[in-house]
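Below is one structure; the comments refer to it alone.
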Amino acid sequence: MIDVLLGLQWGDEGKGKIVDYLAASYNIIARFQGGPNAGHTLYVDGKKVVLRTIPSGVFHSHCLNLIGNGVVIDPVSLQQEIEQLLPLRPDVLQRLFIAHRAHLILPTHRALDAASEASKGEDKIGSTLKGIGPCYMDKTGRNGLRIGDILSKDFRKKYDKLTQKHLQMLRQYDAVPDWEQWEQPFFDACEYLRSLQIINSEYWLDKLLKQGKKVLAEGAQGSMLDIDYGTYPFVTSSNTIAAGVCNGLGVAPSRIGEVYGITKAYCTRVGSGPFPTELDDATGEELRKVGNEFGAVTGRSRRCGWIDLVALKYTVMLSGVTKLIITKADVLDNFNPIKAAVAYIADGTETNELPYDLCDVSITPVYKNFPGWDKPISTCSTFDETPQVFRDYCSFVEQYLETKIAFISNGTGRDQLLTIF
Ligand code: IMP
Ligand code: MG
C-alpha cells in the first residue's frame with residue numbers, strides 16, 4: 001500500500017517534521033510533485049535542515065527516497081542539497097533514486113519565471129521564482145527535457161533547441177535576469193546527476209509494493225495551491241492533492257491507503273492571492289512572531305490568520321483525508337479568544353462551499369470563538385494532559401471536518417508530537 005501525506009492549506013503546514021516522524025514505519029518515501037519551490041524544515045541532531053527536492057525520509061537509514069516523475073528538478077539545487085546532506089548522512093546517495101521521467105528546470109525557465117512575474121506588476125503570483133511554472137508549461141506543452149535526457153548523447157542539442165525557443169519568448173519582456181551566468185553551473189550539475197541512480201521508477205515502485213514494502217508519498221506546497229482546485233491563478237503548477245500521487249508516481253488509485261492531511265492550528269499563506277481569514281492587525285502580527293512565520297525558501301514573511309474550516313473541509317474532501325494532523329498548536333497558547341471560520345458570507349450570501357471564483361467575490365468569514373487555554377500545551381507530553389478547552393477545540397474541528405485527528409504537533413522539537421489513537 002501507498003499512504004499519502006499532504007498539506008491542506010497554502011503550504012508550510014509542517015510536513016517535513018511529520019514525514020520525518022512517520023518515516024520510521026515506511027520503507028520508501030516518495031515525492032510526487034513540485035520542485036525546489038518547496039522547503040521542508042527538519043531539526044536533525046539539533047541542526048536545522050531545509051529539504052527542497054529530496055524526500056524527508058533521508059534521515060532514516062532504512063528509508064529509500066524517490067524523486068518521482070511528477071517532480072521538476074533543478075540540477076544545481078539538487079546537487080547543493082545532496083552536498084549539504086553528505087556530512088550528516090554519508091549514505092544519502094545509495095538511498096536516493098530519481099525517476100527518468102521527472103522534468104528538468106533549465107536556467108531559462110528561471111529567467112522566464114522572473115521576467116513573467118515582473119511583467120505582471122500588481123497581479124503577480126508571488127512565485128518563488130525557481131522556474132517551476134515555465135518548466136511545467138514545457139511539460140504539458142510537450143517541449144520539456146527530462147532527467148533521462150541528461151544521459152543522452154544528444155542532450156546538448158535538445159538543450160539548445162529548447163533554450164532558443166525560450167530566448168524568443170524572453171524577447172517580449174523588458175526585465176530579463178542575467179541567466180547566462182547560470183548555464184555553466186547547470187551543465188556541471190547535470191554531469192554530477194549522471195552518476196546518480198536514475199530509474200524507471202514506476203516499475204521499481206511496483207516491484208517493491210508487490211514485496212509488501214510500505215511507501216509514503218510526501219506532498220509539497222498545499223491543497224489550496226493545487227493547479228485545478230486552488231485559488232487559481234494564485235496557485236502553483238502541479239496537482240498537490242492526493243490525485244497527484246497517481247500520476248506523479250505511476251501508481252494506481254486502488255493502491256492508495258491512508259491519506260494524512262496536515263493543517264496548522266491557524267493559517268498562513270506566502271505570496272499573493274485570496275486568503276479569507278487573513279488578519280491584517282496586531283493578532284496577525286503576533287501569530288507571525290510567535291509562529292516564526294517566515295518562508296523557508298524565500299525568507300518572505302508569511303501572511304497569517306485564523307484557521308479556515310470551510311477551506312479545510314473542501315481540501316479534506318478532495319483528497320479523501322483519513323487522518324488529520326494539526327501542527328503548531330502551541331502557537332495559540334497565548335491567544336484569547338481563538339477563532340475558526342465555519343462559513344463564508346460571499347457577496348452577501350452565507351455559504352459553506354468554497355466559491356470557485358474566490359479571487360473575485362468579497363468574502364467575510366463567519367467565526368466561531370473558542371476561549372484561550374489556561375496552560376501551555378507546548379509542555380504537555382500526552383493529549384490527555386492538554387487543557388479541556390483545547391480538547392473541545394479539537395473535537396469541534398473533528399466534527400466539522402468529519403475526520404479524526406491522529407497527531408498534534410506542539411512544538412518544533414522532534415519529540416513534541418501528541419499521538420491520539
Ligand atoms: P511557484 O510554485 O514557486 O511558482 O509559486 C506559486 C505560489 O505558490 C506562490 O504564491 C508561492 O508563494 C506558493 N508556493 C510555492 N511553493 C510553496 C511552498 O512550498 N510553500 C508555500 N507556498 C509555496
Ligand atoms: Mg515550506
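The numbers here are math on the coordinates, done by the rules we state, and not lab data. What you see is a predicted model, and the numbers here were worked out from it, not measured in a lab. Backbone-built Cβ (ideal geometry, glycine too); neighbour counts: all protein chains shown.
Can you give the helix-only mean residue ellipticity at 222 nm for the chain, where every DSSP H stretch with n ≥ 4 adds -39500 (n - 2.57) and the sum goes over all residues, rounded to the nearest 500 deg cm²/dmol? Can you show the working numbers first?
Values: 11 runs with 120 residues, N = 421.
Result for the chain: -8500 deg cm²/dmol, rounded to the nearest 500.
Per the Debye formula with a single identical scatterer at each Cα and no solvent contribution, what log10 I(q)/I(0) holds for the stretch 181-326 at q = 0.12 Å⁻¹?
The Cα Debye sum returns log10 ratios of -0.69.
Given the stretch 273-317, what whole percent of its Cα pairs are spread farther than 12 Å? Walk me through the intermediate numbers first.
Numbers: 635 of 990 pairs.
Of the Cα pairs, 64 percent sit more than 12 Å apart.
Test of understanding: what is the full-extension gain from residue 47 to residue 258, defined as 0.36 nm times their sequence separation minus their Cα-Cα distance?
Numbers: separation 211, 0.36 × 211 = 75.96 nm, distance 3.04 nm.
Roughly 72.9 nm would be gained on extension.
Which value in nm describes the separation of the simple spin-label points at residue 360 and residue 392, placed 7 Å from the Cα toward the beta carbon?
So the label points at residue 360 and residue 392 sit 4.2 nm apart.
Given labels modelled 7 Å from the Cα in the Cβ direction, how far is it in nm from residue 334 to residue 122?
3.7
For the ranges 167-178, 399-410, 361-372, what's the packing order if you count other beta-carbon atoms within 10 Å of each residue, average per peptide, and put the highest first?
Numbers: 167-178: 12.0, 399-410: 18.4, 361-372: 15.2.
Descending mean neighbour count gives 399-410, 361-372, 167-178.
Along each of the three principal axes of the Cα atoms of the stretch 333-409, give the extent in whole Å, ordering the values from largest to smallest.
Result for the stretch 333-409: principal-axis Cα extents of 44, 25, 17 Å.
Kindly rank 185-198, 120-133 from highest to lowest mean number of other beta carbons found within 10 Å of each residue.
120-133, 185-198
On the Cα set of the chain, report Rg and Dmax in Å, please.
21.3, 66
Would you please report the Å³ per residue occupied by the convex hull of the alpha carbon atoms in the stretch 105-192?
Working: hull volume 8.4 nm³, N = 88.
Given the Cα convex hull of the stretch 105-192, per-residue volume reads 96 Å³.
Expressed in nm to one decimal, what extension gain is obtained for the pair residue 368 and residue 414 from 0.36 nm per residue of sequence separation less their Cα-Cα distance? Spell out each step's value before the answer.
On the way: separation 46, 0.36 × 46 = 16.56 nm, distance 3.16 nm.
Residue separation times 0.36 nm, minus the Cα-Cα distance, leaves 13.4 nm.
With a 10 Å radius around each residue's Cβ, average the other Cβ atoms per peptide and rank 283-292, 253-262, highest first.
Working: 283-292: 16.3, 253-262: 18.5.
Answer by packing, highest mean first, reads 253-262, 283-292.
Normalised radius of gyration for the stretch 264-419, please: alpha carbon Rg relative to 2.2 N^0.38 Å, two decimal places.
Numbers: Rg = 15.5 Å, N = 156, 2.2 N^0.38 = 15.0 Å.
Output field value: 1.03.
So how far apart, in nm, are the two label points at residue 343 and residue 210 if each is 7 Å from Cα heading toward Cβ?
Result for the modelled spin labels: 5.4 nm.
Determine, from the Cβ-Cβ distance of residue 161 and residue 83 and an R0 of 30 Å, the FRET efficiency 1/(1 + (r/R0)^6), rounded to the nearest 0.05.
On the way: r = 30 Å, r/R0 = 1.01.
Between residue 161 and residue 83 the formula returns 0.50.
Given a cut-off of 29 Å, name the pairs among 120/313; 17/139; 328/404 whose C-alpha atoms lie farther apart than that in the structure shown.
Values: 120/313 32 Å; 17/139 31 Å; 328/404 18 Å.
Going by Cα-Cα distance, 120/313; 17/139 fall outside the 29 Å limit.
Between helix 183-193 and the chain, what is the angle of the helix's C-alpha long axis to the longest principal axis, kept within 0 to 90° and rounded to the nearest 10?
80
Excluding same-chain residues fewer than 8 positions from residue 161, which aspartates and glutamates have a Cα within less than 16 Å of its Cα?
138, 149, 180, 183
Where in the stretch 115-148 does the amide nitrogen come within less than 12 Å of the point 7 Å from the Cα of residue 174, taken along Cα to Cβ?
Flagged as within label range: 118-121.
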